[in-house]
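Please read the structure below before turning to the comments.
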Amino acid sequence: MPGSCFLRDASMRKQYWEQWLDTMLERDLLSYGAGRLSSSLRRGELLALTTLEHPDIASSTAQLKIQPNLEK
């Protein structure tokens, strides 16, 4: 069981899951060669990918109001 099952304080459980999500997003984005992104940008990208009708680079960067870096 995850450690959060034993946390009685709701704010501590929330903090646990917030940190877990940040860790998973950073790990997954690094595996795709995305480099390091701020926590808010990682979360914004996750939200964009889950809410856009066509979750491609152009749509997600437009929603996040950033310029895409298409160089590899």
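If neighbour count is taken as other Cβ atoms inside 10 Å, put I66, I57 in order from fewest to most.
Details: I66 13, I57 10.
Ordered from fewest to most neighbouring Cβ atoms within 10 Å, I66, I57 come out as I57, I66.
What is the order of K14, K65, fewest Cβ neighbours within 10 Å to most? It would help to have the intermediate numbers written out before the result.
Working: K14 12, K65 7.
If I rank by nearby Cβ atoms, fewest first, I get K65, K14.
Give me Rg over Rh for segment 8-64, both radii from the alpha carbons and Rh done the Kirkwood way, two decimal places. Kindly include the intermediate steps, with their values, before the conclusion.
On the way: Rg = 13.1 Å, Rh = 12.4 Å.
Here the Rg-to-Rh quotient is 1.06.
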So the FRET efficiency between A62 and M24, C-beta based with R0 = 25 Å and rounded to 0.05, is 0.50
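Bear in mind that the values in this text are calculations on the coordinates, not laboratory data. These numbers come from a predicted model, not from an experiment. Neighbour counts are summed over all protein chains in view; Cβ atoms, including those assigned to glycine, are modelled from backbone coordinates with ideal geometry.
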